[in-house]
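The block underneath contains the structure these notes are about, expressed in structure tokens.
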Amino acid sequence: MTMSDLEQRRHAWSIYILSFLIKWLLIPAYRSTDFEVHRNWLAITHSLPISKWYHEASSEWTLDYPPLFAWLEKLLSVPAQLFDCEMLKLCNLNYASPETVLYQRLTVIISESVLFLASWRYAKNCPKEHVITQLALVFLNPGLIMVDNIHFQYNGFLYGILVLSINSIFDGNVLFGAATFAALLNLKHIFIYTAPAFFVYLLRSYCFHKNGSFYVSRLVALGLSVIAVLAISFGPLYNQIPQVLSRLFPFKRGLCHAYWAPNFWALYAFADRVLIQIARILRLPIREVPTLTRGLVGDVNFVILPNIHPIHTFVLTALAQLPCLIRVWKAPSKHNFIICITLCGFASFMFGWHVHEKAILMVLVPLSLIATKSPEHARLFYVLSLAGIFSLFPLLFGPTETVIKVCLLLLFGLIAHSALSKSTPSFALHNIDRMYIHGMVLTHLYVEYTHHLLFPDGKLEFLPLMIVSVYSSVGIMYVYINIITKTMML
């Protein structure tokens, strides 16, 4: 029995209200240095002319997002004056008055309404029995809550723009959808990793007729819609584009971040560590052991395995994206398009250069859009969600935040399992999935409690982070391989 439209609206707004209340309660919670980053950007865009935005360096938190996001910060700085003018002064480094915290937290909460409305619009095109499940899986994602409403970023807003772009394309408003995606790239350039999926899908489905004929006029229209957005974004900065690009693409950073993102390179680095220990046992000559988990962002040098350079990660990422791009070219369906977005994001997360753990959201959000497609989609989404959210735990390291992140993961696990079971009746976890989830519990207990009991003197301080990263990597790699070998054939 399906719900009426009135019941769907009531349930949808209940989800929004629940989310709002959770986020409101988190306003005084821990916040990372990203909070000061965005406060400083408010001050930069409010206090300085645009010609100095990408040159200002009085703080280490320089502006390194694309111009449209800088304009968004400029817009947000206007009502900020009503809360506390002091937050808009460049000299007030690390300023965080109660009014400033309230205002910046509210900007995140309110901006996430874009994700709610876009996700609801998308869900309405799903079978009626899937609508509320679909909305809940996207909007109640604990990863977004942890990264945005505690750690502090604006990912919910950005992924709302992504879903809005997908909606527009599916509704036939292709040029608006393309322009919206171009705007997204000019808000946060990490989404460039999903650009191949958009390019191939729009080229094949919009510029080619079913009989094989090619519409040059449509290609020109697509190009102009994208160029128009780029002109609006970069036009005012035309004489300092090299400076902007140097901020957006700092290639001097190393392969791995301070905390290894749970991807292929985490397993690669772990394998190098294991081989080092084996070499020591066998008394083989080895070079100096690198420090890979102590906050350094420079070049990473491996001891046993070959060193990795940006070109290697670029080639691997491109090769990993190629199969799904070929698939969407041959069969440009809506489902294949979202799978392609997911796998393009997944490939960049698994094999990219200097990937942050937060980038797992680039996989979780698009995959959640098709989680109710089949029992296999639901299973893979569920396992990836738990592994991905668990991999974000090191972002929140205080005792209070430990309780919060565990509760968020447990709550989402229960809600998602119940919702997927109802909307996808054949949904079931495999034995290996259950074993992995149980192992996640043991891993968390070791990291939070057992390690400190075994090493009270602070020895092996890197070990808990490495364990979380490697264990999460195993689960994420497992899902990645499954999606490629199974879902690609559905």
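Key figures
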{"quantity": "Every residue from segment 30-45 that is touching a residue at least 40 places away in the same chain (Cβ under 8 Å) and over 21 Å from the mean Cα position of the chain (by Cα)", "calculated": "Arg39, Asn40, Leu42, Ala43, Ile44"}
{"quantity": "Candidates Lys422, Lys358, Lys373 - the one that is basic (Lys, Arg) and under 29 Å from Gly254 (Cβ atoms)", "calculated": "Lys358"}
{"quantity": "Complete set of residues in segment 343-352 that are outside any loop (DSSP other than H, G, I, E, B) and either in contact with an Asp or Glu (Cβ under 8 Å, 6 or more places away or on another chain) or over 14 Å from Val200 (Cα atoms) (or both)", "calculated": "Gly345, Phe346, Ala347, Ser348, Phe349, Met350, Phe351"}
{"quantity": "Residue, nearest to Asp148 (Cα to Cα), within segment 87-115, restricted to residues that are under 20 Å from the mean Cα position of the chain (by Cα), of a type in the set (Val, Ile, Thr) and buried (at least 16 other Cβ atoms within 10 Å of the Cβ)", "calculated": "Val108"}
{"quantity": "Segment 194-207 residues that are in contact (Cβ under 8 Å) with a residue 24 or more places away in the chain and buried (at least 18 other Cβ atoms within 10 Å of the Cβ), paired with ones that are part of a loop (DSSP other than H, G, I, E, B) and of a type in the set (Asp, Glu) (beta carbon under 7 Å, 6 or more apart)", "calculated": "none"}
{"quantity": "Near pairs, Cβ below 9 angstrom, 6+ apart or cross-chain, from segment 428-443 (farther than 15 Å from Ile389 by Cα) to any residue that is at pLDDT below 95 and surrounded by fewer than 11 Cβ atoms within 10 Å (Cβ to Cβ)", "calculated": "none"}
{"quantity": "Sole exception among (1) out of contact with any helix residue (DSSP H, G or I) (no Cβ under 9 Å at 6 or more places or on another chain); (2) modelled with pLDDT of 95 or more; (3) among the hydrophobic types (A, V, I, L, M, F, W, C) for Phe397, by number", "calculated": "(2)"}
{"quantity": "Residue in segment 204-219 that is under 28 Å from Ile308 (Cβ atoms) and not aliphatic (A, V, I, L, M) present", "calculated": "no"}
{"quantity": "Filter pass, Phe393 being closer than 30 Å to Phe170 by Cα, touching a residue at least 60 places away in the same chain (Cβ under 8 Å) and out of contact with any Asp or Glu (no Cβ under 6 Å at 6 or more places or on another chain)", "calculated": "no"}
{"quantity": "Segment 451-468 - residue that is in contact with a Leu (Cβ under 9 Å, 6 or more places away or on another chain) and assigned to a helix (DSSP H, G or I) and, of those, surrounded by the most Cβ atoms within 10 Å (Cβ to Cβ)", "calculated": "Met466"}
{"quantity": "Listing of helices (runs of 4 or more DSSP H) fully contained in segment 114-221 that carry 3 or more residues being over 24 Å from Ile22 (Cα atoms) and aromatic (Phe, Trp, Tyr)", "calculated": "195-206"}
{"quantity": "Odd one out for Arg379, checked against (1) in contact (Cβ under 8 Å) with a residue 12 or more places away in the chain; (2) more than 14 Å from the chain's Cα centre (by Cα); (3) surrounded by fewer than 22 Cβ atoms within 10 Å (Cβ to Cβ); (4) over 30 Å from Gly212 (Cα atoms)", "calculated": "(3)"}
{"quantity": "Residue in segment 399-407 that is among the basic types (Lys, Arg), out of contact with any His (no Cβ under 7 Å at 6 or more places or on another chain), assigned to a helix (DSSP H, G or I) and buried (at least 17 other Cβ atoms within 10 Å of the Cβ) present", "calculated": "yes"}
{"quantity": "Residue under evaluation Ile22, criteria (1) more than 25 Å from Leu408 (Cα to Cα); (2) β-branched (Val, Ile, Thr); (3) in contact (Cβ under 8 Å) with a residue 60 or more places away in the chain, criterion not met", "calculated": "(1)"}
{"quantity": "Residues satisfying the stated conditions in segment 46-74, i.e. surrounded by fewer than 18 Cβ atoms within 10 Å (Cβ to Cβ), assigned to a loop (DSSP other than H, G, I, E, B) and touching a residue at least 60 places away in the same chain (Cβ under 8 Å)", "calculated": "His55, Thr62, Asp64"}
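Yes/no matrix, rows are residues, columns are (1) modelled with pLDDT under 95; (2) closer than 27 Å to Met440 by Cβ:
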| residue | (1), (2) |
| --- | --- |
| Pro310 | yes, no |
| Cys340 | no, no |
| Lys373 | yes, yes |
| Leu384 | no, yes |
| Glu401 | yes, yes |
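Results for (1) part of a loop (DSSP other than H, G, I, E, B); (2) hydrophobic (A, V, I, L, M, F, W, C); (3) at positive phi, shown as yes or no for each residue.
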| residue | (1), (2), (3) |
| --- | --- |
| Pro366 | no, no, no |
| Ile370 | yes, yes, no |
| Glu376 | no, no, no |
| Val383 | no, yes, no |
| His417 | no, no, no |
| Ser421 | no, no, no |
| Ala428 | yes, yes, no |
| His444 | no, no, no |
| Val447 | no, yes, no |
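The values are calculated or read from the model by the stated rules, or taken from the named source; none is laboratory data. In this text, all values refer to a predicted model and were calculated from it rather than measured experimentally. Ideal geometry is used to build each Cβ from the backbone, glycine not excepted, and the neighbour counts take in all protein chains shown.
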